[in-house]
1. Scan region 75-117 residue by residue and report those that are assigned to a loop (DSSP other than H, G, I, E, B), within 16 Å of the ligand (Cβ to nearest atom) and surrounded by 15 or more Cβ atoms within 10 Å (Cβ to Cβ).
2. So if I check each of Val125, Val72, Val136, which one is open to solvent by less than 50 Å² (accessible area, probe 1.4 Å), touching a Pro at 6+ places or on another chain (Cβ under 8 Å) and in contact (Cβ under 8 Å) with a residue 24 or more places away in the chain?
3. Which residues, taken from region 18-48, are touching an Asp or Glu at 6+ places or on another chain (Cβ under 6 Å) and buried (at least 21 other Cβ atoms within 10 Å of the Cβ)?
4. Just checking, how many residues over region 127-154 are within 16 Å of the ligand (Cβ to nearest atom) and part of a loop (DSSP other than H, G, I, E, B)?
5. Going through region 49-65 one residue at a time, which ones are near the ligand (Cβ under 10 Å from one of its atoms) and open to solvent by 70 Å² or more (accessible area, probe 1.4 Å)?
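The values are calculated or read from the model by the stated rules, or taken from the named source; none is laboratory data. This structure is a prediction, so every number in the text was calculated from the model and none was measured. We place every Cβ from the backbone using ideal geometry, glycine too, and count neighbours over all the protein chains shown. Areas reflect the complete protein model, heavy atoms only, side chains present, ligands, DNA and RNA absent. Shrake-Rupley method; radii C 1.70, N 1.55, O 1.52, S 1.80 Å.
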Amino acid sequence: MFPSDYSERLDKVAAYIGLGANLGDPIEAIKSARLAINNVAGIRELAFSSLYRSTPLGPADQPDYVNAVMSVETTLRPLELLRELQAIETAHGRVRKGERWGARTLDLDLLLYGRERIVSEVLTVPHPGIADREFVLYPLGEIAPDLDIPGKGLLADLVRKCPQRGLEVIEHA
Ligand code: ROI
């Protein structure tokens, strides 16, 4: 890795973050994460979707999730942004146990970073699940209906092809 990966860049990039939680008080966790993200130097919120209740993807023996998506303008580089999001997850009680599809107090996914495509050991952007997860696509459609997702196509087309699986708005933006 180059040292420059951790230096602040001067140009502003639009990034999209997926928020999810299904343990403890998920609504509170999402709202608290929003505040924490806004408190990071070099990140400014552009838009925040409604809060949604969603059916778990993965093992069904876990509570429903609360999901939302936010867009930010950032001067941080992708890995810096990722580290900040992981620190906020940890501060919200997230313990990474290596289990892949389990319940979590807070999950922050870097969905998109400008129009960049990144594939590395620690980060894949666009997020690998972005094109077929209703709890990402529908909230994204609310805040960025005209989005063209690098390598995946128009968001509107992806939304049209994606079953809602019981997804519902629980708190309007
Ligand atoms: N399922 C839903 N509905 N929402 C999530 O945010 C979510 N996150 C996950 C897995 C376990 C894949 N399932 C999810 O990480």
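1. His92, Arg94, Ala103, Arg104, Thr105, Leu106
2. Result of the check over Val125, Val72, Val136: Val125.
3. If the condition is that a residue be touching an Asp or Glu at 6+ places or on another chain (Cβ under 6 Å) and buried (at least 21 other Cβ atoms within 10 Å of the Cβ), then Gly18, Gly20 are the ones that fit.
4. 7
5. Listed by number, the residues that qualify are Arg53, Asp64.
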